[in-house]
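Take a look at the structure set out below.
The values are calculated or read from the model by the stated rules, or taken from the named source; none is laboratory data. Predicted, not measured: the structure shown is a model, and the values here were computed from it. Cβ: placed from backbone, ideal geometry, glycine included. Neighbour counts: every protein chain shown. SASA here: full protein model, heavy atoms, side chains in, ligands and nucleic acids out. Shrake-Rupley method; radii C 1.70, N 1.55, O 1.52, S 1.80 Å.
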There are 2 protein chains.
Amino acid sequence: VIDAADTPQLTVDLDAVDRNIARMQAAASALGLAFRPHVKTHKLPLVAARQVAAGAVGITCQKLTEAEAMIDAGLDDVLVTFPVVGVPKLRRLVDLARRARVSVTVDAPTAARQLSAALAAAGTEVGVLVDCDTGYGRTGVRSPTEAAELAALVAQLPGLRLEGLTTYPTPTDGGAWVAATREEFAARGLEARRVSGGGTLATYRMTAADGLTEVRAGTYVYGDRTHVVNGAMRLEDCALHVRATVVSRPTSDRAILDAGSKALTNDPVEADGYGGHGIVLEYPDAVIERLSEEHGHVDVSACPTRPEVGEVVRVVPNHACGAVNLYDRVTLLRAGDVPRELMVAARGCSR
Amino acid sequence: VIDAADTPQLTVDLDAVDRNIARMQAAASALGLAFRPHVKTHKLPLVAARQVAAGAVGITCQKLTEAEAMIDAGLDDVLVTFPVVGVPKLRRLVDLARRARVSVTVDAPTAARQLSAALAAAGTEVGVLVDCDTGYGRTGVRSPTEAAELAALVAQLPGLRLEGLTTYPTPTDGGAWVAATREEFAARGLEARRVSGGGTLATYRMTAADGLTEVRAGTYVYGDRTHVVNGAMRLEDCALHVRATVVSRPTSDRAILDAGSKALTNDPVEADGYGGHGIVLEYPDAVIERLSEEHGHVDVSACPTRPEVGEVVRVVPNHACGAVNLYDRVTLLRAGDVPRELMVAARGCSR
């Protein structure tokens, strides 16, 4: 059945998914940490449910669309790690807070006040984690003192339930940042009951909890070229493949796939010194050197045998989360089962 | 209404679209060329119909999914500029050939024979243009002689109607490549009635038809940062915007938008020396320097006034075609009209 399907086709190996879920859950449990997988990678309630069944305390979403799709499917404990700002998003959050246990991150007093006003007016509440920038340079307060001052405000505001903090990335300072923040909290009579760090590579490298109580990770469930290159995962544990057809062999050194930037994304490998756009499983020496929108330009000059026109190959993309976001449908594979096609519940829903 | 919509939101200014359609159609007509717009940019039958109403002879599609969506909507003359290879795609092409006037490109004898077998068995036919690589290094035969030899094969095969050739890019040799190919065709008793070149910038720069009979262009209809940077279009003619909200201002120099790589793509500007991920219309000195999946990291240090949290801005993306491909819905704007939300007919349909 799978061989008859047209390409490009996004496939997920559920046996590999189950192995990946078990390995990450075991890693978090061994550290004594609650695990809260990030669903931005798969956007599928079916996979989220397996993550929770394996021991996750709940899920992490990067946007309200993902939270809506997951809560619609029965997931009931959701952390949204993105600033909920603006009237439309606040309205949507209020609706979600009435239907599930929801927590959010906040990084500024104004945002906290607007969040409080919206939730209190609706007679509901959310948990709040202070978003701490521990070196990434994105959102987040930038010092333990700033974190505690914002926490003190949150603790006073109706509709908000102060729970703790999130860090990104997970601090590599042996817990000093988190310890300092806990002290600043304590000095104000506050408690950081929940301290959430994360990342697939960070969690696999962690040797002590360092003050965290919870970890978030997303990509571990599927894997991708970035996580093979950085050593977090083995190529054979990558569950997500883009099946593509060789549609042209204009020269002996060049093969063209029917998978370009609209099937693989232009997302780079997140590691220095790696170019290219994915790993071709059947031709490990091939280099996907350039992407047009619908064409993958592959240099096959280093391959001992070379693909023919019409051949179907499997590509492990640079970035699983970005690739999934391009597809309306994913085909689920399991040894011994008939392949099943499923809608990607939370994709294309950009808001 | 538009102000109340949540972000990121993809909007299209139909007044600008109409101006862009008129300008490109006039440019092609002035050169004496048939114009065949590429729908991969917009993926909307509504826009394709306006292009045809303005004088286009038909449309160009980059994949069968686009052709299916357009023929379903009543468009009846479609060129598919992608190798149709493999049983699933051949079956789909046969179905399309029964419903509309379809032409395709071919760059190899094996592909031509398989195409012929599928179409002849179904008792239908398609027009064929020999795909010529005139310097891009993607698909295509690589010399006038090779083009003519493939054309001679096509002319003999049932189910195929030899029409001419496509070039990519449009040759800049004053017509020498096309003239040489016509001679090689003539030496074999063949005629290249249709010679199709293309590209938005190439068409606007063209001063003579140079042996072409038809041009294809896609991005001209919406514009993007690449086409502002390369001089093909003015910023005020860019019809496609991603509305985004400033969700965090962690430092005085940094603003974070709710539009990252899943709202803008990581597609680069196709011009040397330009980094960044789009133009912020309201803050032209701002630099979108980095994208996370859902965050746009904006350096606002060069801006005389700086955006506040909650402010909505409009971003002209690097690459219109890639951005459109990320969204299920687009909001159509026209001066004096209520905004209308429309499904992007051919997106998410990766095959």
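If you take the Cα centroid of segment A:265-325 and the Cα centroid of segment B:263-332, the two points sit 27 Å apart. Taking all protein chains as they are arranged and a probe of 1.4 Å, the heavy atoms of A:Lys63 leave approximately 20 Å² accessible to solvent. Taking the empirical scaling 2.2 N^0.38 Å for compact globular proteins as reference, segment A:35-189 has a Cα radius of gyration ratio of 1.03. For chain B, a Gaussian network of Cα nodes joined below 10 Å ranks B:Arg329, B:Arg188, B:Arg113 by mean-square fluctuation, and the top entry is B:Arg188. Each Lys and Arg Cβ is given +1 and each Asp and Glu Cβ -1; about its Cα centre, chain A then shows a dipole of about 920 debye. A probe of 1.4 angstrom, applied to the heavy atoms of all protein chains, finds A:Cys303 with accessible area near 10 square angstrom.
Residues B:Tyr168, B:Tyr222, ordered by accessible area of protein heavy atoms at a 1.4 angstrom probe radius and largest first, appear as B:Tyr168, B:Tyr222. Ascending distances from the A:Ala5 label point to its copies in the other chains, with the point 7 Å along the Cα-to-beta-carbon line: 3.2 nm.
Each label was represented as a point 7 Å from its Cα along the Cα-to-Cβ direction; for B:Ala22 and A:Thr207 these points are 7.1 nm apart.
Among B:Asn325, B:Asn266, B:Asn230, the largest mean-square fluctuation in a Gaussian network model of chain B (Cα springs under 10 Å) belongs to B:Asn230.
Each other residue within a Cβ distance under 13 Å of A:Ala117 adds +1 if Lys or Arg and -1 if Asp or Glu, for a net charge of +1. What a 1.4 Å probe finds exposed on the protein assembly as shown is 50% carbon and sulfur by accessible area, rounded to a whole percent. For the pair A:Tyr136 and A:Asp15, the difference between a 0.36 nm per residue extended length and the Cα-Cα distance amounts to 40.2 nm. Computed on chain B, the Cα convex hull volume stands at 131 Å³ per residue. Shown in residue order for segment A:250-264 are the 3J(HN,Hα) couplings computed by the Karplus curve 6.51 cos²θ - 1.76 cosθ + 1.60 at θ = phi - 60°: x, 9, 5, 9, 10, 10, 10, 9, 8, 10, x, 5, 7, 10, 10 Hz (x for Gly and Pro).
Remark: segment B:168-248 carries 36 Å² of accessible area per residue (probe radius 1.4 Å; ligands, DNA and RNA excluded). What FRET efficiency, computed as 1/(1 + (r/R0)^6) with R0 = 41 Å and r the Cβ-Cβ distance, is obtained for B:Ala100 and B:Glu308, rounded to the nearest 0.05? So, using R0 = 41 Å, E works out to roughly 0.20.
For segment A:231-236, backbone phi angles converted through the Karplus equation (6.51, -1.76, 1.60; θ = phi - 60°) give residue-by-residue couplings of x, 6, 9, 8, 4, 6 Hz, Gly and Pro being listed as x. Work through the residues other than B:Glu184 whose Cβ is under 14 Å from its Cβ and net out their charges, Lys, Arg +1 and Asp, Glu -1. Every neighbour counted, the sum reads -1. Note on the protein assembly as shown: helix-only mean residue ellipticity at 222 nm, from DSSP H runs of 4+ residues weighted -39500 (n - 2.57) and normalised by residue number, equals -8500 deg cm²/dmol. Think of segment B:18-84 as a dipole: +1 on every Lys or Arg Cβ, -1 on every Asp or Glu Cβ, centred on the Cα centre; then among B:Ala30, B:Val47, B:Val80, B:Ala30 lies furthest on the positive end. Membrane-span-like helices in chain B, defined purely by DSSP H runs whose alpha carbon atoms cover 20 Å or more axially and whose average Kyte-Doolittle hydropathy reaches -1.0, are B:14-30.
All C-alpha to C-alpha distances of segment A:271-325, sorted into 10 Å bins beginning at zero, yield P(r) values of 21, 57, 20, 1 percent in whole numbers. For A:Gly273, the label point sits 7 Å beyond Cα toward Cβ; its separations from the matching points on the remaining copies run 3.1 nm, from shortest to longest. Here the Kirkwood formula puts the hydrodynamic radius of the protein assembly as shown at 26.6 Å, using every distinct Cα pair. Contact-buried residues of segment A:251-280, at a threshold of 30 Å² lost accessible area versus the chain by itself: A:Arg254, A:Lys262, A:Asn266, A:Asp267 (1.4 Å probe; DNA, RNA and ligands ignored). Probe radius 1.4 Å, ligands and nucleic acids left out: can you give me the accessible area buried at the A-B interface, summed over both chains, in Å² to the nearest hundred? That pair of chains buries around 5000 Å² in total. Exposure check, 1.4 Å probe, all protein chains in place: A:Val309 carries approximately 60 Å² of accessible surface. Residue pairs exceeding 27 angstrom between C-alpha atoms, taken from A:Lys40/B:Lys89; A:Lys63/A:Lys262; A:Lys262/B:Lys89; A:Lys40/A:Lys89; A:Lys63/B:Lys89: A:Lys40/B:Lys89; A:Lys63/B:Lys89.
Between B:Met343 and A:Arg340, the simple label model (points 7 Å from Cα in the Cβ direction) yields a spacing of 2.4 nm. By DSSP, the beta bridges lying fully in the protein assembly as shown are antiparallel in about 45 percent of cases.
So, counting K/R as plus one and D/E as minus one, what does the shell of residues with Cβ under 11 Å around A:His42 add up to? Within the 11 Å Cβ shell, the charges total +3. Between the alpha-carbon centers of segment B:34-93 and segment A:231-261, tell me the distance in whole angstrom. Spelled out, the Cα-based centre of one part sits 26 Å from the other. In this Cβ point-charge picture (+1 for Lys and Arg, -1 for Asp and Glu), segment B:85-190 has a dipole of about 560 debye about its Cα centre. Put a plus charge on the Cβ of each Lys and Arg, a minus charge on the Cβ of each Asp and Glu, and nothing anywhere else: the dipole of the protein assembly as shown about its Cα centre is then about 1140 debye.
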